[in-house]
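These notes concern the structure reproduced below.
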Amino acid sequence: MAHVTKGSLGARPERARVPDYLAHEGLEHAERAQAAVQGTSDPFLRFVPVAAAVMAVLAGLSSLYGNRLAERMLKLGGAAVLSQTRASDTWAEYEADSLKAHVTQAASLIASDPKERKQLAAQVRTFRNRQPPLRAEAERLEEDRTAAVNDMDSSELKKLRFDVGTALFQISIVLASIAAMVRRRPLFIAALIGGALGVLSCIVGLLL
């Protein structure tokens, strides 16, 4: 029988919480872009401030959601460790009753007094009757532990997608600002592509 052990979750590296991306940081880039494109003859570049502002809002939302997922992962990790520890303790109690039952049964076989044998047999039954509920409780706790770990892994995958999305939005905002300052359409196109990839990454995170 494979019983849970306190080290079975493995050593998971502590994940640092990424600071929330503040939307006003991106909006500052949008304001600078607005000033930079004043008087430009390229109508395409006039959309730079709007695009930068939209990506700033998206970056803030994806960062916020990613960090909420990180908090959820911490809670699930604590629940998994607690369930694992309780399961280990329950299995230990189960095995202790099994050992007591074996020892008491052996003692009843060599006891010469019928009354003593009867008392020992009753103790054996008591130990045996306690084992099924303990086994059921230990298995339930193991299932709770496994469910928490699986949920934590799923949240980690979601968080990774949102972190990637946030990074892409931030890079795209900077590219858009540079495009406005140097007035280069290819840079703005690259920023739009980066923003679209950021949206795609967040959508994938929501669907996981």
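The values are calculated or read from the model by the stated rules, or taken from the named source; none is laboratory data. Everything numeric here is computed off the predicted structure, so don't read it as measured data. Don't worry about glycine lacking a Cβ; one is built from the backbone with ideal geometry, like all the others, and counts go over all protein chains shown.
Here Phe162, Phe188 are screened, and the one residue that is closer than 14 Å to Pro49 by Cα and in a helix (DSSP H, G or I) is Phe188. As for the range 57-74, it holds at least one residue that is out of contact with any Phe, Trp or Tyr (no Cβ under 6 Å at 6 or more places or on another chain), assigned to a helix (DSSP H, G or I) and basic (Lys, Arg).
Here's the yes/no breakdown for (1) among the polar types (S, T, N, Q); (2) at pLDDT 60 or above:
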| residue | (1), (2) |
| --- | --- |
| Thr5 | yes, no |
| Arg17 | no, no |
| Tyr21 | no, no |
| Ala30 | no, no |
| Ser62 | yes, yes |
| Thr90 | yes, yes |
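Could you please tell me which pairs satisfy a Cβ distance under 8 Å, a separation of 6+ or placement on different chains, a first residue in the range 80-104 that is on the phi < 0 side of the Ramachandran plot, and a second residue that is among the β-branched types (Val, Ile, Thr) and in a helix (DSSP H, G or I)? What qualifies is Ala80/Val149; Ala101/Val124; Thr104/Val124.
Only residues that are at pLDDT 90 or above and surrounded by 15 or more Cβ atoms within 10 Å (Cβ to Cβ) were counted in the range 106-123, giving 1. Is it the case, given these coordinates, that Ser83 is out of contact with any Leu (no Cβ under 9 Å at 6 or more places or on another chain), among the hydroxyl-bearing types (Ser, Thr, Tyr) and either surrounded by 15 or more Cβ atoms within 10 Å (Cβ to Cβ) or closer than 15 Å to Asp144 by Cα (or both)? Judged against the criteria, Ser83 is not a match. Across the range 92-127, the qualifying residues are those that are hydroxyl-bearing (Ser, Thr, Tyr) and part of a helix (DSSP H, G or I), and the one among them that is nearest to the chain's Cα centre (by Cα) is Tyr94.
The set of residues in the range 67-87 being more than 11 Å from the chain's Cα centre (by Cα) and closer than 12 Å to Asp153 by Cα consists of Ala80 alone.
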